[in-house]
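Asker: Take a look at this one; I'll ask things after.
The values are calculated or read from the model by the stated rules, or taken from the named source; none is laboratory data. Bear in mind that the values here come from a model prediction, so they are computed numbers and not experimental data. Because the Cβ atoms are built from the backbone with ideal geometry, glycine has one as well, and the counts that use them run over all protein chains shown.
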Amino acid sequence: MRKAIDIHCHFNKFDTMPDRYTVHLIGNQFPFAEKHLTETCIKNKSLVNHILFKSVPVISKKFKYLDRLINSLRVGNFWGKDGVLHTLVSHGEYMIRRDYMAAKHGSKRHDVVAYTPLMMDFITAGNIEELRREHGAMPFLLQVYEHAVMSRYYPWQVFPFFHFHPEREGVVSLMKQAVEEQGFVGIKIYPAMGFYPDPADPRHTDEKVRKNLVALYGYIREMAGKGIILPITTHAQYSATQAVDLEMHETREFTDIANWKRVVRDYDLKINFGHYGGMDFLRDPNDPKHERAREFSLACREHIQGLMRELNNGKKRVFADCSAHSPMDDNSEAYIRQVDLDLRDEKLLLMYGTDLPVVTVNTLNNDYIRAYDSGITGEKAKDRFFMSNALAFLFEDGKIPRLRTDFLKQAYGGNGVGPDPADVSKVSWVKPDGQGGFRVDPKYL
């Protein structure tokens with residue numbers, strides 16, 4: 001059975017984003033529905049469900065599982081026992097259990113052994129400074145807490161990344177608390193929400209953003225001095241999820257890989273560039289939007305490869321995941337062929353990722369894994385892609401940080417939530433380090 005780590009996914013539902021943002025997101029994905037939706041009507045859940053479900057027959061060829069995705073995003077039992085996330089971690093599909101049982105087909109030949117859910121601060125992206133009940137979203141701190149609880153329930157399967165949005169008030173202290181006290185192992189940063197990742201970029205207009213970015217990279221450097229390397233995952237493509245006052249084409253200014261080059265070098269960051277291009281394989285040569293997407297996407301991939309070849313010498317610093325490229329997309333076959341070719345260069349540290357729940361609109365997770373497993377040649381390349389590169393990204397030299405294991409032990413000792421994290425007998429890739437901690441089994445590195 002092929003083991004895999006999903007290095008790029010999200011634990012999101014409708015309640016993790018304010019109604020204002022839900023209107024923006026649905027309008028981006030389904031322009032024909034945008035004129036029917038407002039913040040007011042979003043609060044009428046039955047009306048929203050009616051509009052979306054009525055749309056399913058029209059777009060069912062492209063979005064085969066949209067109705068089941070909607071079920072998972074609106075369900076009340078999402079975080080808890082037997083909820084959507086339990087079905088994901090236990091069975092590999094982002095669905096309520098009933099829909100999973102109806103959708104599964106054939107034998108399961110793949111085993112996702114770990115997920116790294118990347119938080120998304122849709123509240124700040126929705127330009128909401130003070131969240132109120134009428135905004136229709138869970139408070140950000142509650143979302144942080146729920147991610148921490150999930151990692152307690154699944155101590156060796158769920159490794160959350162904190163979303164650092166530099167416009168959020170108090171984000172630096174929230175990040176430190178998440179990393180030092182709540183089991184978070186990395187940082188998610190999303191420039192498509194309207195900022196440049198380099199604090200020295202002269203295009204910055206918000207001094208708070210600049211200062212918070214300086215604090216972020218300073219903290220990462222400080223933790224590195226203590227032997228804890230905090231990985232960053234960033235969005236590196238066109239974006240359908242951005243600040244509500246931006247359109248998709250405007251995100252290129254912020255997600256350009258060139259914006260990252262100085263900070264990656266100067267702060268010695270360990271970074272994963274999400275999505276690794278791919279839109280350069282869009283097939284419609286007559287669509288001017290596709291031409292712009294192709295040019296930008298190809299430039300993204302070339303910049304990423306340049307940084308990899310420059311900085312992955314002796315130590316592994318620059319990675320990229322291949323998420324959000326469903327086997328149902330028109331460009332997927334060509335994209336996977338390119339991934340297969342690039343894996344022949346061992347400096348190109350590519351990783352498996354899905355962008356769940358996004359891909360659930362048109363494919364099962366099991367089929368998504370199968371497409372890459374079939375398209376990549378050679379067991380060594382597959383092992384790097386599905387497992388070892390992800391473990392090298394998450395855990396420097398295979399060492400699992402004591403902050404993480406101390407959190408798990410304290411959480412278990414306090415109330416017995418989840419399995420005993422000290423029992424790794426059934427965890428294929430984790431071994432005790434002989435000093436009271438844990439490390440990655442060397443055979444996976």
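Asker: Please work out which residue is surrounded by the fewest Cβ atoms within 10 Å (Cβ to Cβ), limiting yourself to segment 291-322 and to residues that are of a type in the set (D, E, K, R) and assigned to a loop (DSSP other than H, G, I, E, B). Walk me through how you get there before you give the answer.
Answerer: If we filter segment 291-322 for residues that are of a type in the set (D, E, K, R), which is where we start, we get 291-292, 294-295, 301-302, 309-310, 315-317, 321.
Among the residues that remain, those that are also assigned to a loop (DSSP other than H, G, I, E, B) are: 315-317.
Working: Lys315: 12, Lys316: 18, Arg317: 21.
Per the stated criteria, the residue is Lys315.
Asker: A further question follows. Taking the conditions exactly as written (over 25 Å from Asp15 (Cβ atoms), modelled with pLDDT of 95 or more and touching an Asp or Glu at 6+ places or on another chain (Cβ under 8 Å)), does Ile229 satisfy them or not?
Answerer: On the way: over 25 Å from Asp15 (Cβ atoms): yes; modelled with pLDDT of 95 or more: yes; touching an Asp or Glu at 6+ places or on another chain (Cβ under 8 Å): yes.
Criteria met by Ile229.
Asker: Now for a different question. Please go through (1) surrounded by 22 or more Cβ atoms within 10 Å (Cβ to Cβ); (2) under 30 Å from Glu169 (Cα atoms); (3) touching a helix residue (DSSP H, G or I) at 6+ places or on another chain (Cβ under 8 Å); (4) at pLDDT 85 or above for Ala125 and return the number of the only condition it doesn't satisfy.
Answerer: Only one criterion is unmet by Ala125, namely (4).
Asker: Now for a different question. Can you pull out the residues in segment 223-245 that are over 18 Å from Met279 (Cβ atoms) and not small (Gly, Ala, Ser)? Don't jump to the end; show me each part of the working.
Answerer: Taking segment 223-245 first, the residues over 18 Å from Met279 (Cβ atoms) are 223-233, 243-245.
Hits for segment 223-245 are Met223, Lys226, Ile228, Ile229, Leu230, Pro231, Ile232, Thr233, Val244, Asp245.
Asker: Looking only at residues that are within 17 Å of the chain's Cα centre (by Cα) and either surrounded by fewer than 18 Cβ atoms within 10 Å (Cβ to Cβ) or among the β-branched types (Val, Ile, Thr) (or both) in segment 347-358, which one is farthest from Phe161 (Cα to Cα)?
Answerer: Val358
Asker: Among the residues of segment 433-444, is any within 24 Å of Val339 (Cβ to Cβ), in contact with a Leu (Cβ under 6 Å, 6 or more places away or on another chain) and either in a helix (DSSP H, G or I) or modelled with pLDDT under 90 (or both)?
Answerer: To start, the set of residues in segment 433-444 that are within 24 Å of Val339 (Cβ to Cβ) comprises 440, 443-444.
Those left that are additionally in contact with a Leu (Cβ under 6 Å, 6 or more places away or on another chain): 440, 444.
Now restrict to residues that are either in a helix (DSSP H, G or I) or modelled with pLDDT under 90 (or both): 444.
Checked against the condition, which is being within 24 Å of Val339 (Cβ to Cβ), in contact with a Leu (Cβ under 6 Å, 6 or more places away or on another chain) and either in a helix (DSSP H, G or I) or modelled with pLDDT under 90 (or both), segment 433-444 yields at least one hit.
Asker: Moving to a separate point now. So the check is Cβ under 6 Å with 6+ separation or different chains; which pairs have a first residue in segment 245-256 that's surrounded by fewer than 15 Cβ atoms within 10 Å (Cβ to Cβ) and part of a helix (DSSP H, G or I) and a second one that's modelled with pLDDT of 75 or more and of a type in the set (Ser, Thr, Tyr)?
Answerer: So the pair list comes out empty.
Asker: For Pro419, all conditions in the list (1) assigned to a helix (DSSP H, G or I); (2) within 16 Å of Trp156 (Cα to Cα); (3) modelled with pLDDT under 95 hold save one; what is the number of the exception?
Answerer: (1)
Asker: Moving on. Within segment 360-383, does at least one residue satisfy the condition of being surrounded by fewer than 22 Cβ atoms within 10 Å (Cβ to Cβ), in contact (Cβ under 8 Å) with a residue 60 or more places away in the chain, under 25 Å from the mean Cα position of the chain (by Cα) and not in a helix (DSSP H, G or I)?
Answerer: Yes, segment 360-383 contains a residue that is surrounded by fewer than 22 Cβ atoms within 10 Å (Cβ to Cβ), in contact (Cβ under 8 Å) with a residue 60 or more places away in the chain, under 25 Å from the mean Cα position of the chain (by Cα) and not in a helix (DSSP H, G or I).
Asker: Within segment 65-100, restricting attention to residues that are assigned to a loop (DSSP other than H, G, I, E, B) and touching a residue at least 40 places away in the same chain (Cβ under 8 Å), which residue is surrounded by the fewest Cβ atoms within 10 Å (Cβ to Cβ)?
Answerer: Going through segment 65-100, the residues assigned to a loop (DSSP other than H, G, I, E, B) turn out to be 65, 75-83, 92-96.
Right, trim to touching a residue at least 40 places away in the same chain (Cβ under 8 Å) and you get 65, 75, 78-79, 92-95.
Details: Tyr65: 24, Val75: 16, Phe78: 20, Trp79: 19, Gly92: 23, Glu93: 26, Tyr94: 28, Met95: 26.
Selected residue: Val75.
Asker: Looking only at segment 239-275, filter to residues that are hydroxyl-bearing (Ser, Thr, Tyr) and out of contact with any Ser or Thr (no Cβ under 6 Å at 6 or more places or on another chain); which one of those is nearest to Glu302 (Cα to Cα)?
Answerer: Keep residues of segment 239-275 that are hydroxyl-bearing (Ser, Thr, Tyr), which gives 239, 241, 251, 255, 267.
Subsequent filtering for residues that are out of contact with any Ser or Thr (no Cβ under 6 Å at 6 or more places or on another chain) retains 241, 255, 267.
Values: Thr241: 23, Thr255: 14, Tyr267: 22 Å.
It comes out as Thr255.
Asker: Name the pairs whose Cβ atoms lie under 6 Å apart, with the first residue in segment 430-445 and in contact (Cβ under 8 Å) with a residue 12 or more places away in the chain, the second of a type in the set (Asp, Glu), and 6 or more positions between them or separate chains?
Answerer: Qualifying pairs under 6 Å: Arg439/Asp433.
Asker: Then there is this: From the list Leu131, Leu141, Leu88, exactly one residue is touching a strand residue (DSSP E or B) at 6+ places or on another chain (Cβ under 9 Å) and aliphatic (A, V, I, L, M). Which is it? Steps first, answer last, please.
Answerer: On the way: Leu131 fails: touching a strand residue (DSSP E or B) at 6+ places or on another chain (Cβ under 9 Å); Leu141 fails: touching a strand residue (DSSP E or B) at 6+ places or on another chain (Cβ under 9 Å).
Result: Leu88 is the single residue among Leu131, Leu141, Leu88 that is touching a strand residue (DSSP E or B) at 6+ places or on another chain (Cβ under 9 Å) and aliphatic (A, V, I, L, M).
Asker: Picking from Gln237, Gln242, which residue would you name as being out of contact with any Asp or Glu (no Cβ under 8 Å at 6 or more places or on another chain) and within 30 Å of Asn331 (Cβ to Cβ)?
Answerer: Working: Gln242 fails: out of contact with any Asp or Glu (no Cβ under 8 Å at 6 or more places or on another chain).
Among Gln237, Gln242, only Gln237 is out of contact with any Asp or Glu (no Cβ under 8 Å at 6 or more places or on another chain) and within 30 Å of Asn331 (Cβ to Cβ).
Asker: From the list Tyr276, Tyr238, pick out the single residue that is at pLDDT below 90 and not hydrophobic (A, V, I, L, M, F, W, C). Walk me through how you get there before you give the answer.
Answerer: Details: Tyr276 fails: at pLDDT below 90.
That would be Tyr238, the only listed residue that is at pLDDT below 90 and not hydrophobic (A, V, I, L, M, F, W, C).
Asker: For Ile369, only one of the following conditions fails: (1) at pLDDT below 85; (2) in contact with a His (Cβ under 8 Å, 6 or more places away or on another chain); (3) within 17 Å of Ile5 (Cα to Cα). What is its number?
Answerer: Of (1) at pLDDT below 85; (2) in contact with a His (Cβ under 8 Å, 6 or more places away or on another chain); (3) within 17 Å of Ile5 (Cα to Cα), only one is false for Ile369: (1).
Asker: Are any residues in segment 177-207 surrounded by fewer than 16 Cβ atoms within 10 Å (Cβ to Cβ) and of a type in the set (Lys, Arg), and if so, which ones?
Answerer: Arg203, the sole residue that qualifies.
Asker: I need the full set of residues from segment 326-346 which are over 18 Å from Asn365 (Cβ atoms) and either surrounded by 14 or more Cβ atoms within 10 Å (Cβ to Cβ) or at pLDDT below 95 (or both), in order please. So that I can check it myself, show each step before the final result.
Answerer: First, the residues of segment 326-346 that are over 18 Å from Asn365 (Cβ atoms): 330-331, 333-334, 337-338, 340-346.
Asp330, Asn331, Glu333, Ala334, Arg337, Gln338, Asp340, Asp342, Leu343, Glu346, listed by residue number.
Asker: Taking the criterion of being among the aliphatic types (A, V, I, L, M), out of contact with any Asp or Glu (no Cβ under 6 Å at 6 or more places or on another chain) and touching a residue at least 60 places away in the same chain (Cβ under 8 Å), would at least one residue in segment 155-162 satisfy it?
Answerer: Within segment 155-162, the subset among the aliphatic types (A, V, I, L, M) is 158.
Going one step further and asking which of them are out of contact with any Asp or Glu (no Cβ under 6 Å at 6 or more places or on another chain), we end up with 158.
Checking which are touching a residue at least 60 places away in the same chain (Cβ under 8 Å) leaves us with 158.
Yes, the conditions are met somewhere in segment 155-162.
Asker: Being modelled with pLDDT of 95 or more, surrounded by fewer than 22 Cβ atoms within 10 Å (Cβ to Cβ) and within 30 Å of Asp99 (Cβ to Cβ), is that true of even one residue in segment 388-408?
Answerer: No - not one qualifying residue is present in segment 388-408.
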